[in-house]
1. As a test of the definition: which semi-axes, in Å, follow for segment A:222-287 when you take the square root of five times each eigenvalue of its alpha carbon gyration tensor? Largest first, please.
2. With a 1.4 Å probe and all protein chains left in place, how much of the accessible area of the protein assembly as shown comes from carbon and sulfur atoms, in whole percent?
3. Specify the angular offset, from 0 to 90 degrees and rounded to the nearest 10, of the alpha carbon long axis of helix B:75-108 from the longest principal axis of the alpha carbons in chain B.
4. Does segment B:144-207 come out rounded, prolate or oblate, given a ≥ b ≥ c as the square roots of the eigenvalues of its C-alpha gyration tensor, rounded meaning a/c under 1.5 and, failing that, prolate meaning a/b above b/c?
5. At A:L170 and A:H148, where each label point lies 7 Å from the Cα along Cα→Cβ, what is the point-to-point distance in nanometres?
6. In degrees from 0 to 90, rounded to the nearest 10, what is the angle of the helix B:13-30 Cα long axis to the longest principal axis of chain B?
7. Mean shadow of chain A, computed from the convex hull of its alpha carbons, in nm²?
8. Just from its helices, what would the mean residue ellipticity at 222 nm be for chain A, if runs of 4 or more DSSP H residues each count -39500 (n - 2.57) and the sum is divided by every residue, rounded to the nearest 500 deg cm²/dmol?
Amino acid sequence: MKNAIEVRHLSKQYPGFALQDVSFAVPCGSIMGFVGENGAGKTTTIKAILGLIRPDSGESELLGRPMTDGEREIKSQIGVVFDETYFHDNLTLRGIDKMLGRIYKKQWDSGAFTSLCGRFDLPQGKEVKAFSRGMKMKLSIAAALAHHPRLLILDEATSGLDPIVRDEILDVFYDFIQDEDHSILFSSHITSDLEKVADYVTFIHKGKIVFSKNKDDLVYSYGVARCTAQQFERIGADEYLRRRRSAMGGEELLVADREEFSRRHPSVVLDSAGIDDIMLFYVKGEQG
Amino acid sequence: MSGLVYKDLMNMRRYLKQLLLIFVVFVFIFSFSGNNYSFVAAYGVMLSAMVVLSSMAYDEQAKWDKYALTMPLSRRSLVGAKYLLGLLTVGAGGLLSLAVVVGTALFSGGPMTEGLASVGACLCVALLMQAVLLPCLYKFGTEKARMMMIVIFLLPTLGILALSKLGLPMPEEDFWIGLLIALPFAAALGYLLSYFISVSIFRKKEL
């Protein structure tokens, strides 16, 4: 098996929004960052992968198999964390432990669950409704890991959390990915988290995949050129990907190959581009 | 599936205790006011029929189904767990009511047969009610189904009221006995049929 997740030509029409021909793959042993602004289609894509919604066309495979081929077995090997916890308000850690033990059967590692809850300082005996948002997310993560999955699917699992909690959580994901059989699909709009941990980045915008690339290639080869109006006139439309007007009145360009660009236009100021910059250029900028 | 039933019972443990308390208070009050124990039995069974409906509301509020389906559970087993919970809670309500009816019949000489028939009939009606309501809940969600629930509870009452106003002759005793015998079969068949309808609704649901 080469890919932990493979999505091919997924489409789904909604009134006012559509997923269009979404394709990408999460290679085994890697962390795929899945970025896009709110409403770009990240959650819809993840729901389609998990079989929570039915796509109009296209297909997806988890751990080398389509969901129709052994749904239970596939789902027993994945852990999913959404942007909030869906455990009932009146449950306690003990109750959740017992319930999941009955659902995951032999696979459930009660000791691992307890030790993760301990590592996260989750209060024993309290009910879920008394948990803070950070605690709830940590609870969801502990629950997603304690059956020893091979694939983690995280949908905005770190958004709305303070940097300290986010850092703790990222550490746990780091431990998880040490096993080279493990993979993570990590959807987020907090690009700094992805820059820290992701191996690949897939960028979705208005229901379409803009690119799916190796993160290092992106960070090392993409650049932002800042030029004046006169400089801009000498630059061909095929030399940059996107442009946008800067606050100073000049032009800012997103270029795919920084070195090549600086050879051709040595006088233009050129910076490296973060995932944030790239997103901004696609969402706010214009086509090259 | 047992994990899901366990989850509902754990989550609603306080609510279940409250229901039990209400029932006990009710029995206590009625023990001072004559011998209408068939009514107590009916009340106990109907109270227990509410449990599964409440559990659906809790699930919806927590968006539980979406999460549960990321676990090694099929859509069918999610529906199956609800129908199992319905059977268990109505069964428990039936047992409690039965205990009250048998207890009073033994100690104060109330009408045993009438009480037993009443508990049995109520059990069947409670199951039939769940059989109608559960598919509605899966189809329309708890908010919209709440209105339907009121209608479903009211319709039989209104029907009987209308019939009595029309002055039609009351059916013979044989009719009632026949109805009593037919009810369990209708309830079992209805509940089973309802399960398959709910599964087919829930299969198509987008979460």
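The values are calculated or read from the model by the stated rules, or taken from the named source; none is laboratory data. Worth saying up front: this structure is predicted, and the values here are computed from it rather than measured. As a convention, Cβ positions derive from the backbone with ideal geometry for all residues, glycine included, and neighbour counts pool all protein chains shown. These area figures cover heavy atoms from the full protein model, side chains too; ligands, DNA and RNA do not enter into them. Shrake-Rupley method; radii C 1.70, N 1.55, O 1.52, S 1.80 Å.
1. They are 16, 14, 10 Å, listed largest first.
2. Reported share for carbon and sulfur atoms: 60 percent.
3. 20
4. Oblate shape, in that a/c is at least 1.5 and b/c is the bigger or equal ratio.
5. Using points 7 Å along Cα→Cβ, the separation is 2.9 nm.
6. That works out to roughly 10 degrees.
7. For chain A, the mean projected area of the Cα convex hull comes to 17.0 nm².
8. Helix-only estimate at 222 nm: -10000 deg cm²/dmol.
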